[in-house]
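Shown next, in structure tokens, is the structure this report addresses.
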Ligand SMILES: C[S@@+](CC[C@H](N)C(=O)[O-])C[C@H]1O[C@@H](n2cnc3c(N)ncnc32)[C@H](O)[C@@H]1O
């Protein structure tokens, strides 16, 4: 199965594909190390492995989002869209737009959707045509956007930055295309906190790989979700990454018990 990704079958992959693995504690420790190794492996293969992975699940992506988040993903994007509307921007760039769910949730402004995965962009195009919404789309790598300096008022990214092969380079690129004073809004999964954390954490680790395998036929893609979330910068660490990239007034808002977080910053 890993071979479908164009990757050589790495040793760490085996336990992930054998859910019957033995005792609880060693499994938990091994699981986290495995997830970290898996994310590193995918990122080290550069963007083509990630692009290929999203290409294979594009046709089931929206359905799986709804099921796996129990519909919460819609309200998370709505929160982003409301914040964007409050800023009354003229031009918005939605990076890692995927099937366009966030771009299409924004109204009353010009939104351009950019993504480096053509099957995802095709889904976005079908949805914008079906809904009679104009959504200009652009095939582009977020780390090298074909967009002029300081040319947009707001950049949004939903569930995209954790896939960047270099977070610092990606965030700096978002800052480059924003006008001074413009805003970035980053919606991303994070590690749950509070009383519901054990349940939410269990869900994120266990449900996406199993349901993802059944619905999309691609177990790797939905094993990658907990892998990428469990090892990715979040909270203050993510806030510092935004500041380093040139953003100030960074605010962080936890959503649904910390399953997702919204980061907002202003281009200095
Ligand atoms: C988890 S999906 C999120 C899609 C959408 N924003 C949403 O809210 O559902 C991540 C998307 O980011 C895209 N992506 C990942 N890394 C990228 C990069 N470096 N440049 C452009 N797109 C990228 C993938 O192709 C995929 O469509």
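Within region 100-117, being more than 20 Å from residue 52 (Cα to Cα), in contact with a strand residue (DSSP E or B) (Cβ under 7 Å, 6 or more places away or on another chain) and not in a helix (DSSP H, G or I) holds for 106, 109, 110, 111, 112. Every condition in (1) in a strand (DSSP E or B); (2) loosely packed, with under 15 Cβ neighbours inside 10 Å; (3) within 10 Å of the ligand (Cβ to nearest atom) is met by residue 144 except one, and the failing one is (1). From the list 153, 149, the lone residue that is away from the ligand (no atom under 13 Å from the Cβ) and either crowded, with 23+ Cβ neighbours inside 10 Å or assigned to a strand (DSSP E or B) (or both) is 153. Each residue in region 118-141 was checked for being more than 14 Å from the ligand (Cβ to nearest atom) and part of a helix (DSSP H, G or I), and 3 of them qualify.
One residue alone among 182, 201, 160 is under 25 Å from residue 101 (Cβ atoms), out of contact with any helix residue (DSSP H, G or I) (no Cβ under 7 Å at 6 or more places or on another chain) and surrounded by fewer than 21 Cβ atoms within 10 Å (Cβ to Cβ), and that residue is 201. Checked against (1) assigned to a helix (DSSP H, G or I); (2) more than 13 Å from the ligand (Cβ to nearest atom); (3) farther than 17 Å from residue 216 by Cβ, residue 89 passes all but condition (1).
Here region 172-209 is the region considered, the condition is being within 16 Å of the chain's Cα centre (by Cα) and within 12 Å of the ligand (Cβ to nearest atom), and the residue that is nearest to residue 256 (Cα to Cα) is 189.
Bear in mind that the values in this text are calculations on the coordinates, not laboratory data. Predicted model only: the values in this text are computed from it and were never measured. Positions of Cβ are generated from backbone atoms using ideal geometry, with glycine treated the same way; all protein chains shown enter the neighbour counts.
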